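**Q** Input: one structure, supplied below.
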Amino acid sequence: MVATTVPLLFTGCITGLFGGENKTLRSETLLPSPPPVLEKILPRDLPAPSPEQLMPVSRPAPINSADRAHNGVADPARRLAEVPSPDFSYHDAILTEDVTWRGEVRVEGVVTIAPQTTLTVEQGTIVRFGREGDTTGHDAFLLVYGRVAALGTREKPILFSSHFAQPMAGDWQGIAMLGSEKKNLLENCRVEGAETGLDTSYSTVTLKNVHFSRCGTGARLRDSVVSAAGGGANGCITGLHLMDSEVEISDAAISGNRQGVVADGSSLYLAGGTVSRNDLDALKTADSRIRIAGGSFTANGTGLTLVSSQGSVTGARIAGNAGHGIVLADSRVKVHGNEIAGNGGAGIIVEDGKGGAWGNSIFANGEYDLVNKGTEEFRAMGNWWGAVDLSMIGKRIYDRQMDSGRGRVFYLPVLAAKPAAIP
């Protein structure tokens, strides 16, 4: 945040997300509980199907070879993992009574958790998906209508993986939750090699230190309420994809994916953590409500691309991205108290005057620190633009002074000193 005692070089007249009841489950994790989730009314009139009516969800198209290459593992000569005799083995089963998994579990085909049924997975359990003799494993997944409580610990995490020694995106389908609003909990788990590690629809789930690795999509959350602390996604094509959901994420590491976080028509609270080394966007939103509080977005293709969204970005470090730091398009977003520096493109690109930026450190970006691509005026007063003369600041802001068809950028007064360091 900007200290109130920092003087301004110039003065003048300037004109012009979230609570709910939680039931605590026993846990040995040291992670803090995730923040409360904003209540949202979700459809609750889905019929409770009988076991005979339970049908697997349709399988997405297989991951193609180009996408598999993103994981750094070649297709040929896949080798099955060497595992002991399983403690539990299933072949296209429907579980209608509560069950606890431990040790080694093998799933061939689809295991369905019926409504009113709870699957408990003990610490240290390894669950492998794939049919014996099947070199793809595509048809294997876990379908949850009931509830899952996977309670790993840091010392003994739970692994959900394929039956290959080196899992790749698309080896198995993943964990699907459909109409499961029964406080699902995954804690200290690793999900790897799936087409979609966790695929939720009309469901409620809490994730604590859950890592999605080498998946097509780490987690796809649709019409769901999700709270996550720790964990993250790496080596996926898309780390997290939110659609019409209420999601809160704290202290996650989302790195090394083709795309980091994508939010469509969702509410997202993202606090702390790192989003780095994603080939395309670190965060891309459309028609969403967002609140970014702290954290870093570094070494990505583009930092934040916010389209038709509203909310705030505060206390974050958005630096060293190959493209632009922040792109605002038709978005009412407050950009305040951030460090936006060293990006290969512009520090901030705006397409209209709906947003605003103040109290930031914006410096050493590509050719320009701020570009106004639209015809409306944009307000960016009270920022620090680097240790340069005042005459140089205007030269690094692209607006009407350089193109008569662009809107003005109001940047005076400027801060005389760099704000306090971003955590």
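**Q** Could you state the accessible area per residue of segment 245-304 in Å², with a 1.4 Å probe and every protein chain left in place? Walk me through the numbers before you get to the answer.
**A** Numbers: 1640 Å² over 60 residues.
Dividing the accessible area of segment 245-304 by its residue count gives 27 Å².
**Q** Where Rh denotes the Kirkwood radius from the mean inverse Cα pair distance, what is Rg over Rh for segment 81-197?
**A** Radius of gyration over Kirkwood radius for segment 81-197 works out to 0.93.
**Q** Okay, next question. For Arg102 and Gln401 in the same chain, what is the full-extension length gain: residue separation times 0.36 nm, less their Cα-Cα distance, in nm? Let's see the in-between values first.
**A** Values: separation 299, 0.36 × 299 = 107.64 nm, distance 6.78 nm.
Gain on extension, Arg102 to Gln401, equals 100.9 nm.
**Q** What is the spin-label model distance, in nm, from Ala93 to Glu122 if the labels are put 7 Å beyond Cα along the C-beta direction?
**A** 1.5 nm
**Q** Counting other Cβ atoms within 10 Å, keep those with at most 14, restrict to DSSP loop, and tell me which GluC sites (Glu not before Pro) in segment 86-174 are left.
**A** Glu97, Glu132, Glu155
**Q** Let me know the charge dipole size of segment 218-317 about its Cα centre in debye, to the nearest 20, where only the beta-carbon of Lys, Arg (+1) and Asp, Glu (-1) is charged.
**A** 240 debye
**Q** Sticking with this one: Can you figure out the FRET efficiency of Ala165 with Asp287, using R₀ = 45 Å and their beta-carbon distance, to the nearest 0.05?
**A** 0.60
**Q** Give the shape of segment 147-205 as rounded, prolate or oblate, defined through the alpha-carbon gyration tensor: a ≥ b ≥ c are the square roots of its eigenvalues, a/c under 1.5 means rounded, and otherwise the shape is prolate if a/b is larger than b/c and oblate if not.
**A** oblate
**Q** Now for a separate question. Which lysines have a Cα less than 16 Å from the Cα of Lys373, not counting those fewer than 8 places away in the same chain?
**A** Lys373 reaches Lys354, Lys395.
**Q** Where a ≥ b ≥ c are the square roots of the eigenvalues of the C-alpha gyration tensor, would you call segment 134-286 rounded, which needs a/c under 1.5, or, failing that, prolate if a/b is larger than b/c, or oblate?
**A** Rounded shape, in that the Cα axes give a/c under 1.5.
**Q** Per 0.36 nm of contour for each residue apart, how much would the distance between Lys418 and Arg332 grow if the chain were fully extended, relative to their Cα-Cα spacing? Don't skip to the end; give the middle numbers.
**A** Numbers: separation 86, 0.36 × 86 = 30.96 nm, distance 2.54 nm.
Stretched out fully, the Lys418 to Arg332 stretch lengthens by 28.4 nm.
**Q** When all protein chains stay in place, what accessible area (Å², nearest 10, 1.4 Å probe) is found for Val110?
**A** That residue has around 20 Å² of solvent-accessible surface.
**Q** Still on this structure, please answer the following. Compute the FRET efficiency between Met392 and Asp264 as 1/(1 + (r/R0)^6), taking r as their Cβ-Cβ distance and R0 = 41 Å, and round to the nearest 0.05.
**A** My answer for the efficiency is 0.55.
**Q** Also: Which of Lys208/Lys418; Lys182/Lys334; Lys284/Lys334; Lys334/Lys418 have a Cα-Cα distance over 27 Å?
**A** Lys208/Lys418; Lys182/Lys334, as the Cα separations exceed 27 Å there.
**Q** Here is a follow-up. Output needed for segment 300-381: three equivalent-ellipsoid semi-axes, defined as square roots of 5 times the C-alpha gyration tensor eigenvalues, in descending order, whole Å.
**A** 17, 13, 12
**Q** Around Gly347, what is the net charge, scoring Lys/Arg as +1 and Asp/Glu as -1 over all other residues with Cβ under 12 Å from its Cβ?
**A** With Lys, Arg at +1 and Asp, Glu at -1, the neighbours total -2.
**Q** Related question: Which value, to two decimals, describes the C-alpha radius of gyration of segment 239-342 once divided by 2.2 N^0.38 Å? Could you put the intermediate results ahead of the total?
**A** Working: Rg = 11.7 Å, N = 104, 2.2 N^0.38 = 12.8 Å.
Its radius of gyration relative to the 2.2 N^0.38 Å reference: 0.91.
**Q** For segment 280-379, state which GluC sites (Glu not before Pro) are in a DSSP loop and have at most 14 other beta carbons lying within 10 Å of their beta carbon.
**A** Working: sites: Glu339, Glu351, Glu367, Glu376, Glu377; in loops: Glu351, Glu367, Glu376, Glu377.
Filter output for segment 280-379: Glu367, Glu376.
The values are calculated or read from the model by the stated rules, or taken from the named source; none is laboratory data. Being a predicted model, the structure only gives us computed values, none of them experimental. Positions of Cβ are backbone-derived with ideal geometry, glycine not excepted, and every protein chain shown enters the neighbour counts. Ligands, DNA and RNA are stripped out before the accessible areas are found, and what is left, the full protein with its side chains, is counted by its heavy atoms. Shrake-Rupley method; radii C 1.70, N 1.55, O 1.52, S 1.80 Å.
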